[in-house]
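Worksheet for the structure shown next.
The values are calculated or read from the model by the stated rules, or taken from the named source; none is laboratory data. Computed from a prediction, not measured in an experiment: that's the story for all the values here. Glycine also receives a Cβ, built like all others from the backbone with ideal geometry; neighbour counts cover every protein chain displayed.
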Amino acid sequence: MPVDISEFERTAWSNNAPASGLASYYTEPYSYNTTITEANDLTGEYAEYKKVKASVEKYGGFYIGRYEAGSETERTNVANGTTNMVVRKDAYVYNYVGWGPSMTSAEGDVTSSSKNQGKGAVELSRNLYKSSTSVKSTLIYSVQWDAVLRFIADEDHNVNDSTSWGNYMNNPDRTSVSPNNPAKTGAHENWKAKNIYDIAGNVYEWTMEAYSSNYRVYRGGYCSGIGSNYPASYRLYNSPSFCGSFSGFRLALYVV
């Protein structure tokens with residue numbers, strides 16, 4: 001994903017997190033109404049963000065998963081813990097996953113509605129290339145999400161109304177894909193932009209962004225919504241321990 005460091009910043013898109021709200025309530029790394037600093041940050045996101053930004057400046061960009069995080073076995077609304085995560089086409093989407101145990105804890109199992117849904121999106125993302133000395137994997141930051149949107153936006157990929165190119169209830173390609181709620185990763189060729197699948201629709205994707213002092217931010221909309229209301233640029237927030245059928249995530253990579 002090519003990025004000029006001068007444009008490596010979060011964006012307030014049309015009808016979504018207006019600039020005043022983005023500046024006042026949305027923070028990345030998380031700092032709203034807290035005493036958290038890099039020195040006492042238990043999630044490690046301050047130091048990680050600095051490394052990501054430095055890598056973007058040095059190498060001119062970063063990598064993201066072509067597909068949403070997937071699972072080799074279907075995840076359901078039961079206490080199924082951590083399943084084997086993959087990043088490939090035609091996998092079950094890795095849903096029923098929380099961001100992490102709490103706003104200030106990214107490691108350990110996430111318990112939602114008295115069910116153990118396993119490790120959260122942050123820890124799963126960081127673990128994929130944990131032993132590598134050349135690249136590091138992270139949960140995607142919202143600043144990276146916005147960089148992706150600027151890269152893919154064109155006359156065929158409207159990031160403020162993504163109906164035509166995402167898995168939404170009003171997308172005409174839904175009838176040819178089963179199951180629809182949500183579909184497997186990379187289920188339809190029309191649901192990609194610049195060879196990146198499901199940035200629009202299918203499942204909400206956790207990011208490292210925070211809203212206020214209680215919530216972490218999703219991006220990208222979901223398959224039971226419509227593309228004009230929940231486009232690729234959409235921001236929604238939820239408790240970091242929430243594990244729902246429409247909550248998933250996507251990895252990013254930066255060069256060390």
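Considering every residue within the range 176-184, establish whether at least one is free of Cβ contacts under 8 Å to residues at least 12 places away in the same chain, out of contact with any strand residue (DSSP E or B) (no Cβ under 6 Å at 6 or more places or on another chain) and of a type in the set (A, V, I, L, M). Yes, the range 176-184 has at least one match. Only residues that are buried (at least 16 other Cβ atoms within 10 Å of the Cβ), within 19 Å of Tyr59 (Cα to Cα) and either without any contact (Cβ under 8 Å) to a residue 12 or more places away in the chain or touching a helix residue (DSSP H, G or I) at 6+ places or on another chain (Cβ under 9 Å) (or both) were counted across the range 147-163, and they come to 1. Can you confirm whether the range 176-190 contains a residue that is of a type in the set (A, V, I, L, M, F, W, C) and crowded, with 19+ Cβ neighbours inside 10 Å? Yes, the range 176-190 contains a residue that is of a type in the set (A, V, I, L, M, F, W, C) and crowded, with 19+ Cβ neighbours inside 10 Å. Counting only residues that are under 19 Å from the mean Cα position of the chain (by Cα) and assigned to a loop (DSSP other than H, G, I, E, B), the range 32-71 holds 8 of them. Going residue by residue through the range 188-195, is there one that turns out to be within 18 Å of Tyr92 (Cα to Cα) and within 16 Å of the chain's Cα centre (by Cα)? Checking the range 188-195: at least one residue is within 18 Å of Tyr92 (Cα to Cα) and within 16 Å of the chain's Cα centre (by Cα). Applying a threshold of 7 Å to beta carbon distances and a minimum spacing of six or more residues, or different chains, the list of pairs starting in the range 228-254 at a residue that is under 18 Å from Asn170 (Cβ atoms) and ending at one that is outside any loop (DSSP other than H, G, I, E, B) and among the hydrophobic types (A, V, I, L, M, F, W, C) reads Ala232/Leu149; Ser233/Leu149. Scanning the range 216-256 for residues that are assigned to a loop (DSSP other than H, G, I, E, B) and under 10 Å from the mean Cα position of the chain (by Cα) turns up Gly220, Arg250. Each residue in the range 198-215 was checked for being surrounded by fewer than 23 Cβ atoms within 10 Å (Cβ to Cβ) and part of a strand (DSSP E or B), and 2 of them qualify. Cβ-Cβ contacts under 9 Å between residues 6 or more apart (or on different chains), taken from a first residue in the range 35-62 that is on the phi > 0 side of the Ramachandran plot to a second residue that is in a helix (DSSP H, G or I) and surrounded by fewer than 18 Cβ atoms within 10 Å (Cβ to Cβ), are listed as Gly60/Ile5.
Whether any residue in the range 48-65 is under 20 Å from Gly248 (Cα atoms), touching a Leu at 6+ places or on another chain (Cβ under 9 Å) and crowded, with 16+ Cβ neighbours inside 10 Å is what I want to check. Let's see the steps before the verdict.
If we filter the range 48-65 for residues that are under 20 Å from Gly248 (Cα atoms), which is where we start, we get 63-65.
Still in the list and also touching a Leu at 6+ places or on another chain (Cβ under 9 Å): 63-65.
Right, trim to crowded, with 16+ Cβ neighbours inside 10 Å and you get 64-65.
Among the residues of the range 48-65, at least one is under 20 Å from Gly248 (Cα atoms), touching a Leu at 6+ places or on another chain (Cβ under 9 Å) and crowded, with 16+ Cβ neighbours inside 10 Å, which makes the answer yes.
Cβ separations smaller than 9 Å between residues 6+ apart or across chains give the following pairs from the range 75-92 residues that are free of Cβ contacts under 8 Å to residues at least 40 places away in the same chain and among the hydrophobic types (A, V, I, L, M, F, W, C) to residues that are surrounded by fewer than 19 Cβ atoms within 10 Å (Cβ to Cβ) and not in a loop (DSSP other than H, G, I, E, B): Val78/Lys115; Ala79/Thr111; Ala79/Lys115; Ala79/Asn116.
Test Gly108 against the stated conditions and say whether it is buried (at least 23 other Cβ atoms within 10 Å of the Cβ) and of a type outside the set (Phe, Trp, Tyr). The answer is no for Gly108. Is there a residue in the range 171-183 that is touching a Lys or Arg at 6+ places or on another chain (Cβ under 6 Å) and either of a type in the set (A, V, I, L, M, F, W, C) or over 22 Å from Tyr94 (Cα atoms) (or both)? Scanning the range 171-183, I find no residue that is touching a Lys or Arg at 6+ places or on another chain (Cβ under 6 Å) and either of a type in the set (A, V, I, L, M, F, W, C) or over 22 Å from Tyr94 (Cα atoms) (or both), so the answer is no.
Table: residues versus (1) modelled with pLDDT of 95 or more; (2) over 25 Å from Tyr30 (Cα atoms).
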site	(1), (2)
Tyr168	yes, yes
Pro172	no, yes
Ala183	yes, yes
Ala200	yes, no
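When the residues of the range 32-69 are filtered to those that are of a type in the set (S, T, N, Q) and under 19 Å from Leu128 (Cβ atoms), which remaining residue is modelled with the highest pLDDT? Filtering first and then ranking leaves Ser55. Summed over the range 39-71, residues that are acidic (Asp, Glu) and within 24 Å of Arg88 (Cβ to Cβ) total 1.
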